[in-house]
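Asker: Take this structure first; my questions come after.
The values are calculated or read from the model by the stated rules, or taken from the named source; none is laboratory data. All values derive from a computational prediction rather than experimental measurement. As a convention, Cβ positions derive from the backbone with ideal geometry for all residues, glycine included, and neighbour counts pool all protein chains shown. Remember, those area values only see protein heavy atoms, side chains included, never the ligands or the DNA or RNA. Shrake-Rupley method; radii C 1.70, N 1.55, O 1.52, S 1.80 Å.
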Amino acid sequence: MISVTARSPAKINLALRVGPLRGDGFHSLATVFQAIDLYDEVTAHQVDDGEITVSVTGLGAESVPANDSNLAVRAARALASRFSVTQGARLTILKRIPPAGGLAGGSTDAAATLMACDALWRTRASRTDLAEIAADLGSDVPFCLLGGTAVGVGRGELLTPALASGDYHWVLAIDSSGLSTPAVYAEIDRLRAEQHLSAKARRDATHDPAVPEEVLVALRSGEPKPLGRALSNDLGDAALSLRPRLHRVLEAGRDLGALAGQVSGSGPTCMLLARDADHALNLAVGLTTTGLCRTVQRACGPVAGARVVRD
Ligand code: C5P
């Protein structure tokens, strides 16, 4: 049987500024994405009946819908419709990225599906075609295609690669259940309405935000320490409000000597920055022994975006 496998990375947000709620239901934001070496794999198998179906295995597979609402199915349909493809595909997703973890797991499966189906169907879509389809599917999908380190504005889909040197070593504290992204955005709106956030966060709520310059300067230096000082995430307070036990995870990370720690994206995964690979190993062991999270995972970034790995 003919099949193509693509893999695509998880993302973390080194900075995430959330602006006002737009008329289309999305928040205007400014973020710095980094792709890390934690990958899902999507295999697209050729089928004769023209159907597009999906099955899911691996980490948290039971919580991922194996039906038409799966973003991977929607990605394959969008590509087929744009290029008038009549063939179908049986998609199998191997999850290593925790679903609803603030790591763009669903978005990255869509990005991998676009790459796999493009190769399977020989649609020869350009990067621009794929980026346009990706932006329609979700705010993080274009970054999952691009990879590396990039600034995202708009609702996160308008990307500019960032100048970054060096590799960064992260420890991910993965919680036992996910958080809904819309619920976390709704919570930031609620908190802002109640004015529980800082004056700066309230200002951000009324203006299109910009990425903090210090994170871009730190990335150019290639040094983890300044990057640690520059990390920020406006969604952190909202995720912590919905999942207060994450305070203890971040506290444990600090006690164990992480350079910095914060919620990744809309959470509940927490990301801790290590000095180097050995430090990351020590941090991961220390965090595991606290028993505060379901799994602890080391990851390194930046890495490339979605790629075909086997056909
Ligand atoms: O784009 P994506 O489908 O990942 O977004 C999921 C949900 O997250 C949106 O429906 C919206 O509620 C929220 N969101 C937002 N502003 C963004 C991105 C996502 O409010 N920039």
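Asker: Condition check: among the polar types (S, T, N, Q), surrounded by fewer than 20 Cβ atoms within 10 Å (Cβ to Cβ), at pLDDT 95 or above and not in a strand (DSSP E or B). Does THR128 satisfy that?
Answerer: Against the criterion (among the polar types (S, T, N, Q), surrounded by fewer than 20 Cβ atoms within 10 Å (Cβ to Cβ), at pLDDT 95 or above and not in a strand (DSSP E or B)), THR128 qualifies.
Asker: Do any residues in the stretch 55-76 that are open to solvent by less than 30 Å² (accessible area, probe 1.4 Å) have Cβ atoms under 6 Å from those of residues that are of a type in the set (A, V, I, L, M) and in a helix (DSSP H, G or I), where the two are at least six apart or on different chains, and which pairs are they?
Answerer: From residues that are open to solvent by less than 30 Å² (accessible area, probe 1.4 Å), the pairs are ALA72/ALA110; ALA75/ALA110; ALA75/LEU114; ALA75/LEU137.
Asker: Go over the candidates GLY101, GLY147, GLY106, GLY152 one by one and state the one that is surrounded by 21 or more Cβ atoms within 10 Å (Cβ to Cβ), at positive phi, under 14 Å from the mean Cα position of the chain (by Cα) and of a type outside the set (D, E, K, R). Walk me through it before giving the result.
Answerer: Numbers: GLY101 fails: at positive phi; GLY106 fails: at positive phi; GLY152 fails: at positive phi.
GLY147 is the lone residue from the list that is surrounded by 21 or more Cβ atoms within 10 Å (Cβ to Cβ), at positive phi, under 14 Å from the mean Cα position of the chain (by Cα) and of a type outside the set (D, E, K, R).
Asker: In the stretch 19-29, which residues are more than 15 Å from VAL215 (Cβ to Cβ) and open to solvent by less than 50 Å² (accessible area, probe 1.4 Å)? Working first, answer last.
Answerer: Going through the stretch 19-29, the residues more than 15 Å from VAL215 (Cβ to Cβ) turn out to be 19-28.
Across the stretch 19-29, the qualifying residues are GLY19, PRO20, HIS27, SER28.
Asker: May I pose another question? What's the total number of residues in the stretch 136-169 that are assigned to a loop (DSSP other than H, G, I, E, B) and either within 26 Å of ASP276 (Cβ to Cβ) or touching a residue at least 24 places away in the same chain (Cβ under 8 Å) (or both)?
Answerer: Kept after step one, since they are assigned to a loop (DSSP other than H, G, I, E, B), are these residues of the stretch 136-169: 138-140, 148, 154-157, 162-167.
Imposing the further condition that a residue be either within 26 Å of ASP276 (Cβ to Cβ) or touching a residue at least 24 places away in the same chain (Cβ under 8 Å) (or both) reduces the set to 138-140, 148, 154-156, 162-167.
Qualifying residue count, the stretch 136-169: 13.
Asker: Same structure, new question: Does the stretch 228-241 contain any residue that is open to solvent by 60 Å² or more (accessible area, probe 1.4 Å), part of a helix (DSSP H, G or I) and out of contact with any His (no Cβ under 6 Å at 6 or more places or on another chain)? Break it down stepwise before answering.
Answerer: Quick first cut of the stretch 228-241, residues open to solvent by 60 Å² or more (accessible area, probe 1.4 Å) only: 229, 237.
So of that shortlist, the ones also part of a helix (DSSP H, G or I) come out as 229, 237.
Filter once more, so that each one left must be out of contact with any His (no Cβ under 6 Å at 6 or more places or on another chain): 229, 237.
Checked against the condition, which is being open to solvent by 60 Å² or more (accessible area, probe 1.4 Å), part of a helix (DSSP H, G or I) and out of contact with any His (no Cβ under 6 Å at 6 or more places or on another chain), the stretch 228-241 yields at least one hit.
Asker: Checking the condition within 13 Å of the ligand (Cβ to nearest atom) and either β-branched (Val, Ile, Thr) or open to solvent by 10 Å² or more (accessible area, probe 1.4 Å) (or both), which residue from ALA111, ALA135 passes? Write out each step before concluding.
Answerer: Numbers: ALA111 fails: either β-branched (Val, Ile, Thr) or open to solvent by 10 Å² or more (accessible area, probe 1.4 Å) (or both).
Only one candidate passes the filter, namely ALA135.
Asker: Here's another thing I want to ask about it. Being more than 25 Å from GLY50 (Cα to Cα), modelled with pLDDT of 95 or more and within 11 Å of the ligand (Cβ to nearest atom) is the requirement here; does PRO142 meet it? Before you say what the answer is, go through the steps one by one.
Answerer: On the way: more than 25 Å from GLY50 (Cα to Cα): yes; modelled with pLDDT of 95 or more: yes; within 11 Å of the ligand (Cβ to nearest atom): yes.
Answer is yes for this residue.
Asker: Which one of these is under 19 Å from ASP234 (Cβ atoms), more than 16 Å from the ligand (Cβ to nearest atom), at pLDDT 95 or above and under 20 Å from the mean Cα position of the chain (by Cα): LEU94, LEU14, LEU29? Even if it seems obvious, please write down each step before you answer.
Answerer: On the way: LEU94 fails: under 19 Å from ASP234 (Cβ atoms); LEU29 fails: more than 16 Å from the ligand (Cβ to nearest atom).
Going through LEU94, LEU14, LEU29 in turn, just one is under 19 Å from ASP234 (Cβ atoms), more than 16 Å from the ligand (Cβ to nearest atom), at pLDDT 95 or above and under 20 Å from the mean Cα position of the chain (by Cα): LEU14.
Asker: PHE83 - would you say it is within 16 Å of the ligand (Cβ to nearest atom) and either free of Cβ contacts under 8 Å to residues at least 24 places away in the same chain or surrounded by fewer than 24 Cβ atoms within 10 Å (Cβ to Cβ) (or both)? Explain how you work it out, then say what you get.
Answerer: Values: within 16 Å of the ligand (Cβ to nearest atom): no; either free of Cβ contacts under 8 Å to residues at least 24 places away in the same chain or surrounded by fewer than 24 Cβ atoms within 10 Å (Cβ to Cβ) (or both): yes.
Considered against the rule, which asks whether it is within 16 Å of the ligand (Cβ to nearest atom) and either free of Cβ contacts under 8 Å to residues at least 24 places away in the same chain or surrounded by fewer than 24 Cβ atoms within 10 Å (Cβ to Cβ) (or both), PHE83 comes out as no.
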